[in-house]
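Student: This is the structure I want to talk about, given as structure tokens.
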Amino acid sequence: MSLFRCPLCAAPLQRTDRAYRCPKGHSFDIAAEGHTHLLPVNQKNSKMPGDDKGMAAARSAFLNEGYYAPLRDALCRLSVDLTGQDCAVLDTGCGEGYYTAGIYHALREAGKSVRMAGTDISKFILKRAAKRERSIEFAVASSYHLPVHDGSIDLLINCFSPLALEEFLRVLKPGGRFLYVVPSERHLWQLKEVLYDQPRPNEVKLTPYEGLRYLEVAQVRDTITVRGQDRIHALFQMTPYYWKTPKAGAERLSQLDTLTTEIAFDIHVYEKA
């Protein structure tokens, strides 16, 4: 049985070679790349939501070169430590599946029986995720309307994506764990020094949420050197600064062929009460 449920009637979905189907007759085709589309029209916020084709390609190329491998490796260690022998795992806002696939393989290498799914609102980036790892279920879907059964998930991962807390609590099992990745104070500080005349550190805080209790905050700190204007621009596109940087700052960045910058992530680890 699939981890996904029907987005129209919430009935269980059965996966076949070519489609997902529910007992009420709703059917959702599986694309050649291996993903499906579980985002009803009334849940779209635009005609083509999420990353476009170019942004998806740039983001995938950047991550494939291992610049954010320290974060991936930390998520893998935590995922192995926080799950039992049999586990259902969901990565919301999974993007191109870089972290999703890494976690899946880490769990398998630890000898665990894993069922894993990833969701993202961009069909372009989901194509890349599905081609990366065929053993994971991937679906175009909104984090605010997850096509996932109530209380079915042991571990939920969210990296830099919207915090749909009500939905996350709905799909997590009692005692299920939640990994919430946010940028720390000095994440990409040297990039920000190029973009802004007076860069500001990111706000860092511990935020308790009703229905969840804190287990820990795991910190990831490293320094990366990004070579090539195409990769520097890809990194820029992956940040919120891309949409709100003054023209002069973007022009300064476009002149660089090498950028050395700190990376700093905080992984907030919660448990559903």
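The values are calculated or read from the model by the stated rules, or taken from the named source; none is laboratory data. Since this is a predicted model, take the numbers as computed values, not measurements. Please note: Cβ atoms are built from the backbone with ideal geometry, for glycine as well, and neighbour counts cover all protein chains shown.
Student: Inspect the stretch 228-241 for any residue being within 19 Å of the chain's Cα centre (by Cα), without any contact (Cβ under 8 Å) to a residue 40 or more places away in the chain and within 23 Å of G93 (Cβ to Cβ) and give the result as yes or no.
Tutor: yes
Student: I need a count of the residues in the stretch 100-120 that are out of contact with any strand residue (DSSP E or B) (no Cβ under 6 Å at 6 or more places or on another chain) and surrounded by 24 or more Cβ atoms within 10 Å (Cβ to Cβ).
Tutor: 2
Student: Then there is this: Just to be sure, is V269 closer than 19 Å to E96 by Cβ, of a type outside the set (S, T, Y) and in contact with a strand residue (DSSP E or B) (Cβ under 6 Å, 6 or more places away or on another chain)?
Tutor: no
Student: If I ask for residues that are surrounded by fewer than 18 Cβ atoms within 10 Å (Cβ to Cβ), outside any strand (DSSP E or B) and not small (G, A, S), which ones from the stretch 17-43 would you list?
Tutor: If the condition is that a residue be surrounded by fewer than 18 Cβ atoms within 10 Å (Cβ to Cβ), outside any strand (DSSP E or B) and not small (G, A, S), then D17, R18, P23, K24, H26, E33, P40, V41, N42, Q43 are the ones that fit.
Student: Next question. Counting just the residues of the stretch 1-16 that are surrounded by fewer than 13 Cβ atoms within 10 Å (Cβ to Cβ) and modelled with pLDDT under 95, which one comes out nearest to L146 (Cα to Cα)?
Tutor: My answer is M1.
Student: Working only within the stretch 81-105, note down all residues that are out of contact with any Phe, Trp or Tyr (no Cβ under 8 Å at 6 or more places or on another chain) and part of a loop (DSSP other than H, G, I, E, B).
Tutor: Those that are out of contact with any Phe, Trp or Tyr (no Cβ under 8 Å at 6 or more places or on another chain) and part of a loop (DSSP other than H, G, I, E, B): T83, G84, Q85, G95, E96.
Student: OK, next. Given the criteria farther than 29 Å from F236 by Cα and either without any contact (Cβ under 8 Å) to a residue 40 or more places away in the chain or acidic (D, E) (or both), does D154 qualify?
Tutor: yes
Student: Considering the stretch 144-182 alone, what residues qualify as being of a type in the set (S, T, N, Q) and modelled with pLDDT of 95 or more?
Tutor: S152, N158
Student: Which of the residues spanning the stretch 49-103 are aliphatic (A, V, I, L, M) and under 19 Å from A264 (Cα atoms)?
Tutor: Matches in the stretch 49-103: L63, A69, L71, A74, L75, L78.
Student: Scan (1) surrounded by 21 or more Cβ atoms within 10 Å (Cβ to Cβ); (2) of a type in the set (A, V, I, L, M, F, W, C); (3) modelled with pLDDT of 95 or more for the single condition A56 breaks and write down its number.
Tutor: All conditions are met except number (3).
Student: I've got another one for you. Determine whether the stretch 114-134 contains at least one residue that is touching a Lys or Arg at 6+ places or on another chain (Cβ under 7 Å), at pLDDT 95 or above, within 21 Å of R177 (Cβ to Cβ) and assigned to a helix (DSSP H, G or I).
Tutor: No, that holds for no residue.
Student: Is it the case that some residue within the stretch 134-143 is of a type in the set (D, E, K, R) and crowded, with 16+ Cβ neighbours inside 10 Å?
Tutor: The answer is yes; a qualifying residue exists.
Student: Further, regarding this structure: Quickly run through the stretch 188-227 and pick out the residues that are among the hydroxyl-bearing types (S, T, Y) and under 21 Å from the mean Cα position of the chain (by Cα).
Tutor: Matches in the stretch 188-227: T207, Y209, Y214.
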